[in-house]
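Below is one structure, written out as structure tokens; the observations come after it.
The values are calculated or read from the model by the stated rules, or taken from the named source; none is laboratory data. Please read all numbers here as calculations on a predicted model, not as lab measurements. Cβ coordinates were reconstructed from backbone atoms using ideal geometry, including for glycine residues, and neighbour counts include every protein chain displayed.
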Amino acid sequence: MSSRPVRILIAEDHPLFRRFLASTVQSRPGVQVVCEVPDGLEAVQKVRELEPELVLLDIGLPGQNGIEAARQIRKFSPQSKILFVTQEASADFVHAALETGAWGYVTKTDAGHELLPALEALLRGQKYMSKSVAEHGFMKTATLAPDQAEALSGFSRSEASERPRCHEVGFFSDDDALLGSFADFLAAALENGNAGIVITTELQQIRVLSRLEAYGLDMSAAIRQGRYVALDTEDALSRYMVNDRPDDALFYRAADDLITKTAQAVDGERTRVVACGECAPLLWERGNVEEAIRLERLWDEIARSHGVQVLCGYQLATFEGEKGRDTFDRICAEHSAVRSKAGYF
């Protein structure tokens, strides 16, 4: 008779990242995600009902922040081990989280390669800390001053997790206007020492690179430093498309890996990375309307969660007819802004 699986509850308000967590932990045999919730209050209620062996908990949850939720969970379900998985890496948040009695702390930037090792450690009865915070000695829980504890108790999604995003779209009369926009977008980042990613066909990559070099940028150095990354559209899509549809978990892994790796060239700061491309536009041009809209939503979530600036480029001529006009409005709705300068619609 097989042993009972380890039951896991996930509390994370970001839908895409929540799916990534569930997919990742369930890839390990012997575990079962029994519940997924988007806020702290529901996390407390469901832990009380289900008494899972492990709780994956974000800090910046709406309703009730993760630190307060962890304190309540520890009171009525002390057998439930808590693993914080959060974007917060400051000393105050780490100390406050550990003071609740949590068994582990993994930053979201490290989750791609540390989530499963953290899970294994907790299942062995060991504690786990992300390397990015453990090196600062955070395993030794510090006592917070009353004003610090009060400030952290009031922490909520509105103060940290609800970050503005930059996910723009441009509609162009021809390839020249589209590539010119991509080149200007990338040049603005590279000139300031930041990093840029372009996802388009190999021919378009050559034309964008030529424009950047014409601007006087040392592109050989940017490529060597890892600050400029060019990917083929088909290759990018192949990393997360399953049965002609974007797979959420695969997309998150691919996008997170790409952005995190590129950010290494700019001191690991993902907010210093910009990305432009034609993945969703290619799906639209092939007639896969819903898949294109879905992919735009996934990029929108990445723009918000990772703090990267994203620009999508579409050919205006592809939006003729009633279907085109309807899709045009839907695509605009998935972006934070629609560019309207010369060469744009």
Some residue of segment 158-172 being of a type in the set (S, T, N, Q) and modelled with pLDDT of 95 or more: no
Restricting segment 267-285 to residues that are under 20 Å from THR327 (Cα atoms) and part of a helix (DSSP H, G or I), the one farthest from the chain's Cα centre (by Cα) turns out to be GLU285
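State which residue is nearest to ARG294 (Cα to Cα) when the search covers only segment 6-37 and only residues that are part of a loop (DSSP other than H, G, I, E, B) and touching an Asp or Glu at 6+ places or on another chain (Cβ under 9 Å).
Taking segment 6-37 and keeping what is part of a loop (DSSP other than H, G, I, E, B), we get 12-14, 26-30.
Right, trim to touching an Asp or Glu at 6+ places or on another chain (Cβ under 9 Å) and you get 12-14, 28.
Numbers: GLU12: 20, ASP13: 19, HIS14: 16, ARG28: 28 Å.
The qualifying residue nearest to ARG294 (Cα to Cα) is HIS14.
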Consider GLU291 carefully, then state whether it is touching a strand residue (DSSP E or B) at 6+ places or on another chain (Cβ under 6 Å), among the charged types (D, E, K, R) and either in a helix (DSSP H, G or I) or without any contact (Cβ under 8 Å) to a residue 24 or more places away in the chain (or both). yes
Considering GLU36, GLU53, GLU49, which residue is surrounded by fewer than 16 Cβ atoms within 10 Å (Cβ to Cβ) and at pLDDT 90 or above? GLU49
Output for Cβ contacts, cut-off 7 Å, separation at least six or different chains, first residue without any contact (Cβ under 8 Å) to a residue 24 or more places away in the chain in segment 15-39, second surrounded by 18 or more Cβ atoms within 10 Å (Cβ to Cβ) and part of a helix (DSSP H, G or I), reads none
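Among the helices (runs of 4 or more DSSP H) confined wholly to segment 159-266, which include 1 or more residues that are more than 26 Å from ALA292 (Cβ to Cβ) and not assigned by TED's automatic domain parsing to the domain that holds HIS113? Don't jump to the end; show me each part of the working.
Values: elements: 175-191, 202-214, 219-225, 233-238, 248-263.
Fully inside segment 159-266 and qualifying: 175-191, 202-214, 219-225, 248-263.
Return yes or no: is VAL94 of a type in the set (A, V, I, L, M), outside any helix (DSSP H, G or I) and touching a helix residue (DSSP H, G or I) at 6+ places or on another chain (Cβ under 8 Å)? Spell out the reasoning first.
Details: of a type in the set (A, V, I, L, M): yes; outside any helix (DSSP H, G or I): no; touching a helix residue (DSSP H, G or I) at 6+ places or on another chain (Cβ under 8 Å): yes.
So VAL94 fails the test.
Look through segment 242-269, keep the residues that are in contact with a Leu (Cβ under 8 Å, 6 or more places away or on another chain) and within 20 Å of VAL198 (Cβ to Cβ), and return whichever of them is surrounded by the fewest Cβ atoms within 10 Å (Cβ to Cβ). Break it down into steps so the answer makes sense when it comes.
Of all residues in segment 242-269, those in contact with a Leu (Cβ under 8 Å, 6 or more places away or on another chain) come to 242, 246, 248, 251-252, 255, 258.
From what is left, the residues that are within 20 Å of VAL198 (Cβ to Cβ) are 246, 251, 255, 258.
Details: PRO246: 23, PHE251: 26, ALA255: 24, LEU258: 20.
So the residue we want is LEU258.
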Condition first: surrounded by fewer than 21 Cβ atoms within 10 Å (Cβ to Cβ), at pLDDT 90 or above and either more than 17 Å from the chain's Cα centre (by Cα) or among the aromatic types (Phe, Trp, Tyr) (or both). Can you find one or more residues in segment 298-314 that meet it? no
Top-ranked residue in segment 299-325 [being in contact with a strand residue (DSSP E or B) (Cβ under 6 Å, 6 or more places away or on another chain) and in a helix (DSSP H, G or I); ranked as farthest from ARG253 (Cα to Cα)]: LEU316
Is segment 63-70 home to any residue that is more than 20 Å from SER305 (Cα to Cα), in the same structural domain as TRP103 (by TED's automatic domain parsing) and free of Cβ contacts under 8 Å to residues at least 60 places away in the same chain? yes
Could you say whether any residue in segment 43-55 is under 21 Å from the mean Cα position of the chain (by Cα) and not acidic (Asp, Glu)? yes
